[in-house]
1. Out of all the residues in segment 57-73, which are of a type outside the set (S, T, N, Q) and either open to solvent by 90 Å² or more (accessible area, probe 1.4 Å) or touching a residue at least 24 places away in the same chain (Cβ under 8 Å) (or both)?
2. In segment 1-22, what count of residues is obtained for those that are over 11 Å from the mean Cα position of the chain (by Cα), aliphatic (A, V, I, L, M) and open to solvent by 70 Å² or more (accessible area, probe 1.4 Å)?
3. Quick check: anything in segment 35-56 in a loop (DSSP other than H, G, I, E, B), of a type in the set (Phe, Trp, Tyr) and open to solvent by less than 90 Å² (accessible area, probe 1.4 Å)?
4. Just give me the residues in segment 23-34 being surrounded by 12 or more Cβ atoms within 10 Å (Cβ to Cβ) and either aliphatic (A, V, I, L, M) or without any contact (Cβ under 8 Å) to a residue 40 or more places away in the chain (or both), in sequence order.
Amino acid sequence: MLSAGVPFDQFTGIIQIATDEGGASGFIAGRSVWREVVSLTGHQREEFLASVALPRLERLVNVAADRARPWNQASRAAI
């Protein structure tokens, strides 16, 4: 799954659906995790990355780890 810059909560839901129903085995996320950091500088930027972006990324990793299947298992189910 690719985030395409959608809001974080929306992307989290998309990951859940894609892994549960679509057999997705991972994700690529950028702006959905850190979009707000662009307007920040210095300490504010560092604080946002540590207190908001990192927990967001960890949440996505947990969703994928709990729900995703390895690609080779998903392809076997289709056979």
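1. First pass over segment 57-73, keeping only residues of a type outside the set (S, T, N, Q): 57-61, 63-71.
Matches in segment 57-73: LEU57, GLU58, ARG59, LEU60, VAL63, ALA64, ASP66, ARG67, ALA68, ARG69, PRO70, TRP71.
2. Here is the first cut: in segment 1-22, the residues over 11 Å from the mean Cα position of the chain (by Cα) are 17-22.
Now narrow it down to the ones that are aliphatic (A, V, I, L, M): 17-18.
Narrowing further to those that are open to solvent by 70 Å² or more (accessible area, probe 1.4 Å): 17.
Number of matching residues: 1.
3. Within segment 35-56, not a single residue is in a loop (DSSP other than H, G, I, E, B), of a type in the set (Phe, Trp, Tyr) and open to solvent by less than 90 Å² (accessible area, probe 1.4 Å).
4. Within segment 23-34, the subset surrounded by 12 or more Cβ atoms within 10 Å (Cβ to Cβ) is 23-27, 29, 31-34.
Across segment 23-34, the qualifying residues are ALA24, PHE27, ALA29, ARG31, SER32, VAL33, TRP34.
The values are calculated or read from the model by the stated rules, or taken from the named source; none is laboratory data. Quick caveat: nothing in here was measured; it's all calculated off a predicted structure. Here Cβ is always computed from backbone atoms with ideal geometry, including for glycine, and neighbour counts include all displayed protein chains. Surface areas here come from the heavy atoms of the whole protein model, side chains and all, with no ligands, DNA or RNA. Shrake-Rupley method; radii C 1.70, N 1.55, O 1.52, S 1.80 Å.
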